[in-house]
Every structure is written in C-alpha cells, then in structure tokens.
2 protein chains.
Amino acid sequence: MKFEVTILGSSSATPIYNRNPTSQVLNINERLYLVDCGEGTQQQMLRFDVRASRIDHIFISHLHGDHYLGLIGLLSSLHLNGRKKTLKLFGPPQLKEIIDLQFKYSETTLQYEIEFTATDPTKTQTIISNEDVIVETIPLDHRIPCTGFLFREKKRLRKLLKDELERIGVPVEYFTALKKGADYTDLKGKLYKNDTLTTDSDEPKAYAYCSDTLYNQQYFKQIDNVDLLYHEATFLNNMLDRAKETHHTTALQAAEVALTVHAKKLLIGHFSARYKTLDELLEEAQSIFPETNLAIEGKTFTV
Amino acid sequence: MKFEVTILGSSSATPIYNRNPTSQVLNINERLYLVDCGEGTQQQMLRFDVRASRIDHIFISHLHGDHYLGLIGLLSSLHLNGRKKTLKLFGPPQLKEIIDLQFKYSETTLQYEIEFTATDPTKTQTIISNEDVIVETIPLDHRIPCTGFLFREKKRLRKLLKDELERIGVPVEYFTALKKGADYTDLKGKLYKNDTLTTDSDEPKAYAYCSDTLYNQQYFKQIDNVDLLYHEATFLNNMLDRAKETHHTTALQAAEVALTVHAKKLLIGHFSARYKTLDELLEEAQSIFPETNLAIEGKTFTV
C-alpha cells in the first residue's frame, strides 16, 4: 500500500528563500490527506502536480498564519473548480468561525459540504478510522492550542499467492475468505491451510506529524516506534533559549525525540527565516540520529 | 517624479499557469502603495525584489479572496520582521473584522499600528492627499461592494534652471520661493521674472485601477483622461454573457472604456483560468485600442 508524504512548504512564520509556509500532503493508498495549509499551498500544489480535487481530508494543527492562511483560498478554488464531494476538515474550533466569516463577506455559498471536526488540544482523540488508516490527534505544547496528527495504517488483509491458487485451481469466489485467513478445502475434500495459500500483509506503518511544539515528553509515548517522524526543527541548538521562549524545538532536540521514541526515520522542517541554507540543521540532527532528512519542498518521502 | 506600477499578480479567482491572484505595487516618488493583495503576494514581492517594509499604504478593492487573502500573511510578516511604522489600510469595513478575528486567534499583537479607513462603494471619496498624490475611491459595479482607486499626482513645484541661477549668482535661500513662482531681484535692484529662472514642472499624471466590475458608465467620468488605465478583462468578448452574469468585463469592453475615457494607455488583467495564453485577450483589446499591454507578473509600467 502506498504511504508517502510530499512536502509543499517548510518555512516557519514567513515565506523566504523560496521556502513556503508549512504544508504537506500524504498519499495513503491513493487517497490524499492535506496536513496544514500555509499561504501559497494551492500554488505549490500546481507546481508539484498535486491534484487538489483528490484531497478529501484536511488537517490544521493550529491557528498561526503560517499553518492555515492558504486554506480559504484552497477551499474557494475547489468550489470554483466544481467540487461536489464533501470535504472533511479537522482543526481548532475557531477555524470554522474564520472560514464562515470570510465566506460570508465574499458572499460565497460553497457547492460542496465541509464536514468540520473541532480538535481538542488537551487530549488524544481518534478523528478518522477508515479502511486504510486511523488518525489520532497529538496534543502538542505551543504558544496557542496546537495538535499534531498521527497516521497509523490499518493492518491489511493477507496477500494471495496467486501462482499457488492457480495451480490448485481455487475458484475466485473463495479469495476474499482466504484474504481474511480462512483455509480452503477442494472438491475432493483435501484441506489447504491458509498459510500455504497466502502470506501475511506488511506490518502497518505509522507517520507522526509534530508541528509546532516545545520539546515536551507528553507526546513521546503516543508516537513511540513510528516509521517516519516529521518534527519541527525551527532553530539550531545554539538558539535553544529562543526555541524555548517561542515554544519551538531545535534540530538537536528533534533528533532526540526521534531517538527516544525509536522512530525509524526523521524528517525535520519549519525552518526559521534566519537560515538561508539548511545544511547545519541537517548535520546537527544527523549527529545523533543519522536517518534524518530535510523537509524540502517538492520532495516525497516513503513512510 | 517616479510614477510606475509593478504587477505582482493578475489571475482572477484561482491561481493557475504560474499566474497569481491580483496584486500590484505603485511606486510614486519612491513611496510604495500596494493595491490588492491576493494569496501569495508576499512570495511575489520576494520574487520581484519589492521590499515590503517600504509599503506604507495598502488598498483592498473588495472581499473576494483573490484580492485580499494574502493580506493577513503580509501584515503578520511585517510584524515578525520588526515593523514599527504605522501602516495605512483602506478597504471594505468588514476587512477590519476579518483581520481582528485572525489576529485574535493567533494571539498576535502587532508591533505597529494599522490605521484603517473603511471605503464606501456608493460614492467617490478622497482617501489620501499627501505631498505626492491624491487618491480617490472609484465606485465599481461588482457582485459584492467594490471600489477601484484613482491615483492623481500632485502638481510639483517649478523646476530651477540651475545654470542660469549660478550665472546670475542667486543665493540658495531664494530657491524655495523661486520654485513656488516668485520673481527675483538682485542687490543692484535688477528684476528677473520667474519664468527666466525656472520652468514649469511636468503635468501631473493619473493612474486608475478598475477591478472587478461590470462595464458600467458610472465610473467613466471620474477616470477621464487618465494616463494609464488598469482595467480588468476577465474574458474574451465571446464570453460576454458570462462576463455580465459574473459582473466582469471582457477585453473588448476594457478597450472601449479606455477609448471612451480618453486614456493614454491601457493595462488589462484579472485573466480567467480558462486562458492558458493571453495573446487573444491582448489582440482583442488592441483591435480598438492599440496602446494596450497585458498585466504580466513582474513587469513594471510607467504611468
């Protein structure tokens, strides 16, 4: 099953050096999930060939502008481009008020429904559970209410050994039962144990999105063992005081989180405008967690 | 005196084909005036080397997203980049409510003051009169309340004939009076008429910004004789019905406005997403008004 993340923006606070504010899009089994939506996200989608019409779920972590100011424009463009499908939107309760006010004054009545779910930054909540994925909020520790999002693949059905099924001549109508673990008995009464006809599906993967937050152990347990951890890394560690003051994390701290929670890979982003190049941030994180990458716009990472 | 306009965006409704939503910046005697501010305007400023910190006046024509969704991000970036100077903002009264709500929920207290002036789309109002320019609102006819803006240079003081003044030996302290039209009498009592020592300054120029509007004669008189007319031209004239229905103008109509009001030059913009290339729009306008240009992003036009 496809499970990957494409970075649309990774600048903190202000756009600079061709870096756009935060946004990323997950492709989970060919469904697109948009996570945060800074100003210019719809332009970035055009640039990187992400079809906005394919997005059915949008998640907003918090109401600092660099994480949501592209949302109204995107919602409006979906409407103008003829969207009819319901869109599920998750974010702080006040987000709804902001959207409603702006559409009220532009006298826009959307052609599609927005199904809004308010997030609660004080506790973990399961906000989606569909055939592909379970999504939980991650309570973070920022200056204003903020949640991350944890995407956990559902365990898939067993995989059929097609050649073996063909050799034995198993009728197609048995396939669903086989995927669910049933044995098969042929017309002569011969029993085939399920594990001779199928193999286990891949272990479900997990992706954690942690933006913006103070280094704070409160969210560590929830994201233990994730395959890919996206963590903000606004500053180098020589700016630790500034990071604390603004409720952000340094690159070294992001790597410490990854180490502590046994993440397999780390992706750092939300870079401060003070860094024209990002090499030092990467090196700092890699110094203790080698499997680190930079959240560079347009790049896609497999979970 | 410098009087020019740089296009930052000229797409209508949605960004597409690398065209951003509407925004443009006027440089009038080295002061910058921002007119509309679609999503991504601050990114466009970075791209085209327009220093946002130099902008002291921002004008928003109306509350369709493609004309103002970049404003909150820009105001926020000015704050984060240390602005202290008051910023004058002109726009529909509801704009203030939208800004206040968004800054309330991001818990942002700007370090600078926004001096907000609500525009009234039902009548022409003079909203700025400083040493360089007079700015009036232009009541337009759109689906929601909308005003254009007319920038009229102030008549400058007379220009000194430096060589002549030096030859006669006119002391510097007389220069201001000469610029204002006074004659000069030297120590021996000899009179020099002002027009032998100065020349008239250039005729004041005028720039009209008309976005978005139905073709409607109500605003023609006010913009008569402008040197440069920016007029929206969302559609080709074969889409006239659609233009009327959506309260927009065709390229041919924009050229008709320019002809009727005796504009010296025409700049068309606000192009519909249906036009991948803009040649046809230009040709249609030029067919009756040859001095037409396309409002291409990054291009600067002298008024």
Problem - Bridge type composition, the protein assembly as shown - antiparallel percent by DSSP, nearest 5 - result: 55 percent
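Which of the pairs A:K88/A:K180; A:K96/A:K276; A:K154/A:K299; A:K88/B:K244; B:K88/B:K276; A:K84/B:K88 have their Cα atoms more than 32 Å apart in this structure?
From A:K88/A:K180; A:K96/A:K276; A:K154/A:K299; A:K88/B:K244; B:K88/B:K276; A:K84/B:K88, over 32 Å: A:K96/A:K276; A:K88/B:K244; B:K88/B:K276; A:K84/B:K88.
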Practice task
Kindly give the distances from A:F220 to its copy-mates, label point to label point, with each label point 7 Å from Cα along Cα→Cβ, as nm values to one decimal ordered shortest first.
Solution key: 7.5
Practice task
Determine which chain A residue has its Cβ at minimum distance from the rotation axis mapping A onto B, giving the value in whole Å.
Solution key: A:G40, 2
Practice task
Tabulate in residue order the Karplus-calculated ³J(HN,Hα) for the range A:45-52, using 6.51 cos²θ - 1.76 cosθ + 1.60 with θ = phi - 60°, rounded to whole Hz; enter x for Gly and Pro.
Solution key: 4, 4, 5, 10, 6, 9, 7, 4
Exercise for the section: Measure nothing but the geometry: give the 0 to 90° angle between the long axis through the Cα atoms of A:93-105 and the longest principal axis through the Cα atoms of chain A, rounded to 10°. Expected result: 70 degrees
Practice task
Please work out the Cα center distance from the range A:98-166 to the range A:248-303, rounded to the nearest Å.
Solution key: 24 Å
Practice task
List the distances, in nm to one decimal, from the label point of B:S53 to the label points of the same position in every other copy, shortest first, placing each label point 7 Å from Cα along the Cα-to-Cβ direction.
Solution key: 4.5
Handout entry: Position A:K85, label points 7 Å along Cα→Cβ, spacing to each other copy in nm (shortest first, one decimal)
Key = 4.8
Practice task
Mind checking B:9-15 for the average number of partner chain beta-carbons within 10 Å of each residue's beta-carbon?
Solution key: 4
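Out of the trypsin sites (Lys or Arg not before Pro) in the range B:26-61, which ones are loop residues according to DSSP with at most 15 other C-beta atoms within 10 Å?
Those satisfying the criteria are B:R51.
With a ≥ b ≥ c the root eigenvalues of the C-alpha gyration tensor of the range A:159-199, is it rounded (a/c under 1.5), prolate (a/b larger than b/c) or oblate? Write out the running numbers ahead of the final one.
Values: a/c = 1.42, a/b = 1.25, b/c = 1.14.
Note, shape of the range A:159-199 comes out rounded.
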Practice task
Go through the range B:212-296 and name the trypsin sites (Lys or Arg not before Pro) that are in a DSSP coil and have 10 or fewer other Cβ atoms within 10 Å of their Cβ.
Solution key: B:K276
Completion exercise
Rounded to the nearest 10 degrees, the helix B:251-260 long axis (Cα) sits at an angle to the longest Cα principal axis of chain B of 30 degrees
Practice task
Report ³J(HN,Hα) in whole Hz for each residue of the range B:37-44, in order, from the Karplus equation J = 6.51 cos²θ - 1.76 cosθ + 1.60 where θ = phi - 60°; Gly and Pro get x.
Solution key: 7, x, 3, x, 4, 5, 5, 5
Problem - Label-to-label distance, nm, for residues given as A:R54 and B:I114 (7 Å Cα→Cβ offset) - result: 3.7 nm
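I need the GluC sites (Glu not before Pro) found in the range A:59-159, filtered to DSSP loop residues with at most 15 other beta carbons within 10 Å of theirs. Don't jump to the answer; show the numbers that get you there.
Working: sites: A:E97, A:E107, A:E113, A:E115, A:E131, A:E136, A:E153; in loops: A:E107, A:E113, A:E131.
Of the GluC sites (Glu not before Pro), the ones in loops of the range A:59-159 whose Cβ has at most 15 other Cβ atoms within 10 Å are A:E107, A:E113, A:E131.
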Exercise for the section: May I ask you to list the aspartates and glutamates whose Cα is less than 15 Å away from that of B:K159, ignoring any residue fewer than eight positions away on the same chain? Expected result: B:D183, B:D195, B:D200, B:D202, B:E203
Completion exercise
Inter-part gap, Cα centre of the range B:1-42 to Cα centre of the range B:74-88, in whole angstrom, is 18 Å
Problem - Under Karplus coefficients 6.51, -1.76 and 1.60, residue-wise ³J(HN,Hα) of the range A:106-121 in Hz, glycine/proline x - result: 8, 6, 9, 10, 4, 7, 10, 8, 9, 9, 9, 10, 7, 8, 10, x
Practice task
Could you state the angle between the C-alpha long axis of helix B:71-80 and the longest principal axis of the C-alpha atoms of chain B, as a value from 0 to 90 degrees rounded to the nearest 10?
Solution key: 60 degrees
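Taken together, the values in this text are just the output of simple stated rules run on the coordinates, not laboratory data. Predicted model, so just to flag it, every value in this text is computed and none were measured. Note that we place each Cβ from the backbone using ideal geometry, even for glycine, and neighbour counts take in every protein chain shown.
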